[in-house]
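The values are calculated or read from the model by the stated rules, or taken from the named source; none is laboratory data. Remember, it's a predicted structure, so these values are computed and weren't measured experimentally. Note that we place each Cβ from the backbone using ideal geometry, even for glycine, and neighbour counts take in every protein chain shown.
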Amino acid sequence: MLMPDKWIKKMALEKKMIEPFVDHQVTKGVISYGLSSYGYDFRLADEFKIFRNKISGVVDPKNLKPEFFEIFKGKECIIPPNSFVLARSLEYFRIPRKVTTIALGKSTYARCGIIVNVTPFESEWEGYATLEILNTGPLPAKVYAYEGICQILFFLSDEECEISYKDRKGKYQKQKGIVLPRINSE
């Protein structure tokens, strides 16, 4: 079942599901963020890893070289044409056991050719979300820290899952910063 705003608010306040939590939509002069009818529009932090094609090599998800990225901190980030940045959410999430989510990029950005990877936050996942933000256009594109980047929809199950993300010791559990791809060694 899709969770309505009153349930999201209750879980955010009682179980610290979202921190910091904004209990209304903030819209004036910004790309909107905060509680919505059936979801929550979360924000970008001011930390970015901008993909730069300065060295040759192969982009390998099993061994992504940190040298491919320029670390940047600021209120605005320019994404090069036909490239991407990694960023993180401003909010820290603690997803309850009977909940799973899907995060979708905001249409304000999509209308400018800026796409955010669609991703789930699984049952009992905890951490800052690492976001993959793609500029599909031929010109540089701007994203804004402290403003909305994604809407997360919350789905409540009638029963608990058998094995949660926490139970299986997921590789992105409790991530703090922008985390590059990881491969389990076991």
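Looking across F93, F72, F68, one residue alone is without any contact (Cβ under 8 Å) to a residue 40 or more places away in the chain, crowded, with 16+ Cβ neighbours inside 10 Å and among the aromatic types (F, W, Y). It is F68.
Out of region 1-44, which residues are without any contact (Cβ under 8 Å) to a residue 60 or more places away in the chain, touching a strand residue (DSSP E or B) at 6+ places or on another chain (Cβ under 8 Å), in a helix (DSSP H, G or I) and not acidic (D, E)? Answer for region 1-44, where residues must be without any contact (Cβ under 8 Å) to a residue 60 or more places away in the chain, touching a strand residue (DSSP E or B) at 6+ places or on another chain (Cβ under 8 Å), in a helix (DSSP H, G or I) and not acidic (D, E): K9, A12.
Let's see how each residue does on (1) under 14 Å from G148 (Cα atoms); (2) modelled with pLDDT of 95 or more; (3) over 17 Å from the mean Cα position of the chain (by Cα):
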site: L2; (1), (2), (3): no, no, yes
site: K9; (1), (2), (3): no, yes, yes
site: E19; (1), (2), (3): no, yes, no
site: K28; (1), (2), (3): yes, yes, yes
site: Y33; (1), (2), (3): yes, yes, no
site: Y40; (1), (2), (3): yes, yes, no
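Within region 138-186, being small (G, A, S) and surrounded by fewer than 18 Cβ atoms within 10 Å (Cβ to Cβ) holds for S157, G177, S185.
Of all residues in region 99-137 being in contact with a Pro (Cβ under 7 Å, 6 or more places away or on another chain) and not small (G, A, S), which is surrounded by the most Cβ atoms within 10 Å (Cβ to Cβ)?
Residues of region 99-137 that are in contact with a Pro (Cβ under 7 Å, 6 or more places away or on another chain), as a first pass: 100-102, 135, 137.
So of that shortlist, the ones also not small (G, A, S) come out as 100-102, 135.
Values: T100: 21, T101: 22, I102: 15, N135: 24.
Looking at residues that are in contact with a Pro (Cβ under 7 Å, 6 or more places away or on another chain) and not small (G, A, S), I get N135.
Checked against the criterion of being part of a loop (DSSP other than H, G, I, E, B), in contact with a Lys or Arg (Cβ under 8 Å, 6 or more places away or on another chain) and either over 15 Å from E91 (Cα atoms) or of a type in the set (D, E, K, R) (or both), region 58-71 contains not a single residue that satisfies it.
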